[in-house]
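The values are calculated or read from the model by the stated rules, or taken from the named source; none is laboratory data. Quantities reported herein were computed from a predicted structural model and do not represent experimental measurements. Here the Cβ positions follow ideal geometry from the backbone for every residue, glycine too, while neighbour counts run over all protein chains shown. The protein model used for the area step is the full one, side chains on, heavy atoms only, and it has no ligands, DNA or RNA in it. Shrake-Rupley method; radii C 1.70, N 1.55, O 1.52, S 1.80 Å.
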Amino acid sequence: MNTRSVAPFALAAACALACAACGAPGEPTPPTPPVAAAVSDLSARQLGDAAQLRFTLPAKTISGDKLAEPPAVEVLRGQLRPDGSPDVKSLRIVQTVPGALLLEHAEDDRVVLRDPVTAEETRAHPGAGAAYAVRTRASRKRASANSNIVILKLYPVPQPISSLQANVTETAVELNWEAPSKTSAGDSLPGALTYRVYRGELDPASTEAAATDLAHARWRVRPALLAPAEANSYRDSAFEFGKTYAYFVRSVVSPASEPLESADSALAILTPKDTFPPAVPSGLVAAVLPGPNGAPQVDISWSINAETDLAGYRVYRSEQDGTRGTSLAPELLLTPSVRDTSVLPGHRYWYSVTAVDRAGNESAASPPLVVDVAQPSP
């Protein structure tokens with residue numbers, strides 16, 4: 001055996017083993033692209049001529065690491081097999097939303113997206129089903145696994161209500177609208193309509209943006225169902241003066257077991273102002289009494305007003321019939337009574353009372369009450 005020829009190979013092998021043992025670096029390994037965990041709570045319902053999808057956006061990767069930023073969302077739509085089960089192979093991307101825009105579609109910590117469905121499609125195939133899934137993409141190289149698949153049956157819906165009128169009264173915001181008579185495809189409605197009234201509270205600074213596109217509204221309270229309505233009108237008596245509200249109405253039909261809503265009506269945006277004065281005080285009575293030094297005084301009282309926003313009363317005194325005169329006190333009276341200690345014997349006075357609310361609205365004056373202050377006996 002030629003030991004000279006074996007030695008170099010043995011030395012090379014020993015060096016290779018030594019390098020492996022000491023952990024010498026090899027070729028650099030590219031970083032693995034992040035993959036978000038799959039969405040697991042996708043739900044869907046029809047709202048107008050669209051499928052509304054709702055789900056929780058994943059915050060971590062499949063390895064449990066926190067995502068650095070919101071991933072993009074891909075919406076997939078597919079067909080059903082003859083037995084009604086989803087055909088997974090038919091799922092195709094119909095919408096992609098960048099992660100930076102998802103905040104515009106957030107409601108109650110969930111993402112809400114809409115996939116438009118043409119009125120002609122539901123008209124031609126009422127009750128036809130569609131399969132939906134979503135997946136996310138934290139990097140361009142690799143998407144997450146598909147979410148759970150949901151099946152949604154789609155039906156014709158009423159036309160959106162084109163005009164919503166709002167009128168502010170002292171006790172309610174009165175809404176009225178014209179009932180639609182056709183579906184969104186122009187066909188006759190399949191049955192009687194009912195309605196659902198929605199209300200949200202806007203940041204007043206975003207009123208103009210909301211009127212143009214509700215997606216750009218800044219909400220203090222997001223729109224929520226206020227009440228159902230059987231007729232094409234509704235009185236909102238739970239409003240508050242000074243707040244900015246956005247109202248919209250949806251028509252409701254029931255082509256299947258579940259009620260189906262139309263798209264949103266035209267918006268009615270308003271900030272109710274309290275321009276309504278309290279009721280005129282009534283029951284005004286007076287009595288002339290002796291004061292501490294024998295000087296006369298007039299005690300005046302009246303029935304209390306029932307308004308919940310009442311701030312107080314003003315009492316006016318005049319020495320001439322037909323004129324209101326001047327107020328007895330610089331500040332509002334908080335109770336329905338007052339004592340006038342500045343009257344003079346032998347004079348006649350006309351007293352009237354007004355009520356004032358917290359918005360500064362003052363009622364008309366009560367009918368004047370005439371009080372004669374007699375001269376003292378000799």
So what is Rg over Rh here for the chain, counting just Cα atoms and using Kirkwood for Rh? 1.35
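Is there a quick way to get the dipole size of the chain? I mean about its Cα centre, with the Cβ of Lys and Arg at +1 and of Asp and Glu at -1; what is the value in debye to the nearest 20?
Values: 34 positive and 40 negative charges, 381 e Å.
The dipole magnitude comes to about 1820 debye.
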Spin-label zone in the range 175-202 - amide nitrogen under 11 Å from a point set 7 Å from the Cα of Q165 along the C-beta vector: 175-178
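What is the Cα convex hull volume of the range 146-213 when expressed per residue in Å³? Working shown, then result.
On the way: hull volume 14.1 nm³, N = 68.
For the range 146-213, the hull spanned by Cα atoms encloses 207 Å³ per residue.
Loop-only chymotrypsin sites (Phe, Trp or Tyr not before Pro) in the range 195-276, please: DSSP not H, G, I, E or B, and at most 16 other Cβ atoms within 10 Å. Display every interim value, and only then the final one.
On the way: sites: Y195, Y198, W219, Y234, F239, F241, Y245, Y247, F248; in loops: F239, F241.
Counting only loop positions with at most 16 other Cβ atoms within 10 Å, the chymotrypsin sites (Phe, Trp or Tyr not before Pro) in the range 195-276 are F241.
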Would you kindly state the longest site-free stretch of the chain, with sites defined as trypsin sites (Lys or Arg not before Pro) in a DSSP loop (not H, G, I, E, B) surrounded by at most 12 other Cβ atoms within 10 Å? 1-139
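Nearest-5 percent of antiparallel DSSP beta bridges in the chain? Intermediate results must be reported in sequence, preceding the final value.
Numbers: 89 of 90 bridges.
The antiparallel fraction comes to roughly 100 percent.
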Accessible area per residue of the chain at 1.4 Å probe, in Å²? 57 Å²
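Kindly provide the helix-only [θ] at 222 nm of the chain, computed as the sum of -39,500 (n - 2.57) over DSSP H runs of four or more divided by all residues, to the nearest 500 deg cm²/dmol?
Calculated mean residue ellipticity at 222 nm is -2500 deg cm²/dmol.
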Projecting the Cα atoms of V97, P86, V75 onto the charge dipole of the range 46-110, where Lys and Arg contribute +1 and Asp and Glu -1 at Cβ, the residue farthest towards the positive end is P86
Going by alpha carbons, how many degrees (0 to 90, nearest 10) lie between the helix axis of 3-22 and the longest principal axis of the chain? 10 degrees
What distance in nm lies between label points placed 7 Å from Cα along the C-beta direction at R218 and D83? 5.5 nm
Rounded to whole Å and sorted largest first, what semi-axes of the equivalent ellipsoid does the C-alpha gyration tensor of the range 216-309 yield via the square root of 5 times each eigenvalue? 54, 16, 10
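When the chain is fully extended, how far beyond the present Cα-Cα distance does L225 get from H347, taking 0.36 nm per residue of separation? Intermediate results must be reported in sequence, preceding the final value.
Values: separation 122, 0.36 × 122 = 43.92 nm, distance 6.29 nm.
This chain segment gains 37.6 nm when fully extended.
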Under 20 Å from the S327 label point (7 Å along Cα→beta-carbon), backbone N, the range 363-378: 363-369
Where a ≥ b ≥ c are root eigenvalues of the Cα gyration tensor, a/c under 1.5 meaning rounded, otherwise prolate if a/b exceeds b/c and oblate otherwise, the range 71-146 counts as oblate
How much of the accessible area of the chain, in percent, comes from carbon and sulfur atoms when a 1.4 Å probe is used? 54 percent
So, relative contact order of the chain in percent, Cα under 8 Å, 6 or more apart, is 12 percent
Cα gyration tensor, the range 149-257 - rounded (a/c under 1.5), prolate or oblate: prolate
Identify all lysines with a Cα-Cα distance to K60 below 29 Å; exclude those on the same chain that are fewer than 8 residues away in sequence. K89, K141
If I model a spin label as a point 7 Å beyond the Cα along the Cα-Cβ vector, how far apart are those points for S139 and E107 in nm? 3.4 nm
Can you give me the solvent accessible area of T96 with a 1.4 Å probe, rounded to the nearest 10 Å²? 80 Å²
At a Cα cut-off below 24 Å, give the lysines reachable from K182, other chains included and same-chain residues fewer than 8 away excluded. K153
Between L67, L270, L47, where does the largest GNM mean-square fluctuation fall for the chain, given springs only between Cα atoms within less than 10 Å? L67
Each label point is 7 Å from the Cα along the Cα-to-Cβ direction; what then is the distance between the points at V280 and T194, in nm? 4.5 nm
Test of understanding: in a Gaussian network model of the chain with alpha carbons linked when under 10 Å, which of A364, A36, A179 would top the mean-square fluctuation ranking? A364
Label zone at I151, where the point sits 7 Å out along the Cα-to-Cβ direction: the range 69-97 residues whose backbone N lies under 13 Å: 79-88
By how many nm would the segment from E174 to A287 grow when fully extended, if each residue of separation counts as 0.36 nm and the alpha-carbon distance is taken off? 36.2 nm
Among the aspartates and glutamates, select those whose C-alpha is under 19 Å from the C-alpha of K273, and discard any that sit fewer than 8 residues away in the same chain. E170, E174, E201, D203, E208, D236, E240, E307, D309, D357, E362
What are the ³J(HN,Hα) values, in whole Hz, obtained from phi via the Karplus relation 6.51 cos²θ - 1.76 cosθ + 1.60 with θ = phi - 60°, for each residue of the range 169-185 in sequence order, with x given for Gly and Pro? 10, 5, 10, 6, 9, 9, 9, 9, 8, 8, 5, x, 10, 10, 7, 5, 8
